[in-house]
Amino acid sequence: MRTIKVNLGDRSYPIHVGGGLLPCMGEFLQQVGCREKIAIVTNPTVAPLYLKPVEEALTASGFKVTSALVPDGEEHKSLSSLSAIYDRLIADRFERGCSILALGGGVVGDLAGFAAATFLRGVPYIQVPTTLLAQVDSSVGGKTGINHQEGKNLIGAFYQPRLVVIDLDALRTLPRREFMSGLAEVIKYGVIDDPKLFALLEQKLERLIALDGELLEEVIATSCAIKAKVVEKDEREEDYRSILNFGHTVGHALEAVTHYGRFLHGEAVGIGMVQAASISGNQGLCDERSLKRIRQLIAAAGLPVEIPSDVGRLDIVQRMEVDKKSSGGRIKFVLCEGIGKTRFHWFSPEEIIAQLAT
Ligand SMILES: NC(=O)c1ccc[n+]([C@@H]2O[C@H](COP(=O)([O-])OP(=O)(O)OC[C@H]3O[C@@H](n4cnc5c(N)ncnc54)[C@H](O)[C@@H]3O)[C@@H](O)[C@H]2O)c1
Ligand SMILES: [Zn+2]
């Protein structure tokens, strides 16, 4: 097991990464000062796989455990699921000293985190992410929230967990397509911050996809350490934290244009990263060889690299968020300077349309 620390003063917390960690949950929770009752938030897909071992571990350490199941799916990261969680907490007479534990992917994590941020003006919460995306991205950094029918993540709070426990064994039941989608975020960390991680992925991708335990531990711990470092510098995304949006300007727009039904998040980000790298090349920031390596690694991870021919460039650009801090309706892009370094650049919509590669 490796432990990474997120250093945020009195909101600091550890991230444990390793195989077979669920049976140790009781001890981990005691170490971070959790007491009394724990409410586990999960869903009907994850519960039959992992709820029992977590419940047993907590009960064995003397915790009183209750669980709240929310329906599976992004559309249930909603006010009605949140309300159902509050109902359960109130029915179980939850008080300030009790904690919430999110067991599942990013949907459960964001929802349970927001419930924790708001219930009784804040109770502690623990992230136990079970998808690769949640393990390397959504469980770390304290962004919590729910969707509104007018848009994703419109309601939320910055609220850090007290602990993150990443059990690598959970990835064994994750559908392959979901795993590959999570890989997009791992590749992103290599491009924005870590040429060594990028090279490791190039060399050992097959072993990683075959879920080699040691390699998974190294790659996931490295990814979390990079995210932690970025969050430590800019917790509330005043500016620097948005380097994590590399590939996401095009990626998010592509997801929206295709009504969130065609691409998994990481798939859209795969295409977005190739576009961002290509635009970086146009700007003289990214050399040909790095560009080729980025495209090749994304393709080798089974992710798409091209904007589908039936999706209009204008539609994509119209869905991009205009940067409120820049004047003249410009769009903020994270560009890469080769592999391992980034810089921000603001483009007009016309400049982007002209540069989107076909
Ligand atoms: N808070 C953040 O910083 C942040 C960052 C990135 C993404 N997100 C959010 O994360 C969400 C996406 O998360 P996700 O990709 O994990 O999706 P998800 O939570 O929908 O999980 C994907 C699917 O896998 C299932 N599943 C989870 N663990 C499993 C396992 N071990 N075995 C088998 N099936 C399993 C889930 O039930 C679901 O059907 C989005 O709502 C997004 O907005 C948040
Ligand atoms: Zn992402």
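The values are calculated or read from the model by the stated rules, or taken from the named source; none is laboratory data. Remember, predicted model here, so these are calculated numbers, not experimental data. As a convention, Cβ positions derive from the backbone with ideal geometry for all residues, glycine included, and neighbour counts pool all protein chains shown. Keep in mind that these areas ignore ligands, DNA and RNA; they rest on the heavy atoms of the full protein, side chains included. Shrake-Rupley method; radii C 1.70, N 1.55, O 1.52, S 1.80 Å.
Computed quantities for the displayed model
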read-out: Helical contribution to [θ] at 222 nm, DSSP H n ≥ 4, -39,500 (n - 2.57), averaged over the chain, rounded to 500; value: -13000 deg cm²/dmol
read-out: With all protein chains modelled, accessible area of Arg176 [1.4 Å, Å²]; value: 150
read-out: Shape call, the chain: gyration tensor on alpha carbons, a/c limit 1.5; value: prolate
read-out: Region 219-358 shape via C-alpha gyration tensor axes, a/c threshold 1.5; value: rounded
read-out: Gaussian network model of the chain, Cα within-10 Å springs - most flexible of Lys37, Lys52, Lys332; value: Lys52
read-out: Label-point gap, in nm, between Glu337 and Arg35 - each point 7 angstrom along Cα→Cβ; value: 5.1
read-out: Cβ-defined net charge surrounding Ser348, 15 Å radius [Lys, Arg +1; Asp, Glu -1]; value: -1
read-out: Accessible surface, per residue, of the chain when the full set of protein chains is kept, probe 1.4 Å, Å²; value: 43
read-out: Pairs from Lys227/Lys332; Lys5/Lys64; Lys233/Lys341 whose Cα-Cα separation, in the structure shown, is over 18 Å; value: Lys227/Lys332; Lys5/Lys64
read-out: Relative contact order for region 236-299, counting Cα pairs under 8 Å that sit 6 or more residues apart, in percent; value: 29
read-out: Two-site label geometry, Arg93 and His148: point separation in nm, points 7 Å out along Cα→Cβ; value: 3.7
read-out: Whether region 173-259 is rounded, prolate or oblate, judged on the alpha carbon gyration tensor where a/c under 1.5 counts as rounded; value: oblate
read-out: Nearby aspartates and glutamates by direct alpha-carbon distance to Lys77 (threshold 20 angstrom, same-chain neighbours under 8 apart not counted); value: Asp87, Asp110, Asp137, Glu150, Glu178, Glu255
read-out: Within-13-Å neighbourhood charge of Leu21 [Cβ basis; K, R +1; D, E -1]; value: -3
read-out: Theoretical FRET efficiency, 1/(1+(r/R0)^6), r = Cβ-Cβ of Ser83 and Lys5, R0 25 Å, to 0.05; value: 0.15
read-out: Relative contact order %, the chain, counting alpha carbon pairs below 8 Å whose residues are six or more apart; value: 15
read-out: 5 angstrom amide H check on Asn153, placed H, neighbours 5+ away; value: Asn147, His148
read-out: Centroid-to-centroid separation of region 65-83 and region 120-187 [C-alpha atoms, Å]; value: 14
read-out: Separation in nanometres of the label points that stand 7 Å from Cα toward Cβ, at Gln283 and Arg236; value: 2.7
